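Note sheet for the following structure.
The values are calculated or read from the model by the stated rules, or taken from the named source; none is laboratory data. Source: prediction; values computed, not measured. For neighbour counting, all protein chains shown are included, and Cβ atoms are generated from backbone atoms with ideal geometry for every residue, glycine included.
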Amino acid sequence: METDTVKGRRAPDLRGEGKDLAERMGYYWAENTSTSLPFAGFMWREMVTIAVKMMKVRYGIADDCRIEDKYPDEVAEVRSLPLPPYLFRELWLRTQNERMYRRFLIMPAVTAEIEENTRDGYRNPHYREAYWKKAPYRVDIPLPDIPNPLIAPGTTPPEKGSRKRVSRKSP
């Protein structure tokens, strides 16, 4: 008796991983359904929306790598997305052997690797903790809790780390 199943876990889908990571960071996720636009989807919450392009590569990149030099075509694709300029654009890079994505913020003229984002609970696996502890300045920006106009009244957003969507509050 033959079956089409394979023992063990299925290989994770790249977009599914991105959605799970975005939801763990407290974002909502909307997958890109247009095949003509080269990005995986949007993640959003409160006052921020980010277009995300995801890549899985075979070999790791150096900690001091300039992503626009290593992957110029992909960076150019993200920069040329026909989106309003106030939307953030990120390139997420995952190597074959790492379990975490490295996030790169793609701006019109500059790219920057996101090393840590405490609000998202994200820390780059190549975070240079000793470097940042010796930094001559530290800025803490208090961010108020702003109601999200995209969430219907009587619903609650997903909690960080939860896989639930939106749940109705019981009366």
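Remarks
- Every residue from the stretch 82-99 that is assigned to a loop (DSSP other than H, G, I, E, B) and either aromatic (Phe, Trp, Tyr) or surrounded by 15 or more Cβ atoms within 10 Å (Cβ to Cβ) (or both): Leu83, Tyr86
- Asp69 being within 26 Å of Ala130 (Cβ to Cβ), over 16 Å from the mean Cα position of the chain (by Cα), in a helix (DSSP H, G or I) and among the charged types (D, E, K, R): yes
- Residues that are closer than 20 Å to Trp44 by Cα and not in a loop (DSSP other than H, G, I, E, B) were ranked within the stretch 72-81; the one that is nearest to the chain's Cα centre (by Cα) is Val78.
- Top-ranked residue of the stretch 41-54 - restricted to ones that are buried (at least 17 other Cβ atoms within 10 Å of the Cβ) and modelled with pLDDT under 90, ranked as farthest from Met25 (Cα to Cα): Glu46
- Selection of first residues in the stretch 55-71 that are farther than 25 Å from Lys19 by Cβ and of second residues that are in a helix (DSSP H, G or I), restricted to Cβ pairs under 8 Å at least 6 apart or on distinct chains, gives the following pairs, ordered by first then second residue: Glu68/Val75.
- Considering residues of the stretch 100-119 that are in a strand (DSSP E or B) and β-branched (Val, Ile, Thr) only, the residue surrounded by the fewest Cβ atoms within 10 Å (Cβ to Cβ): Ile114
- Residues within the stretch 23-59 that are touching a helix residue (DSSP H, G or I) at 6+ places or on another chain (Cβ under 8 Å) and in a strand (DSSP E or B), tallied: 11
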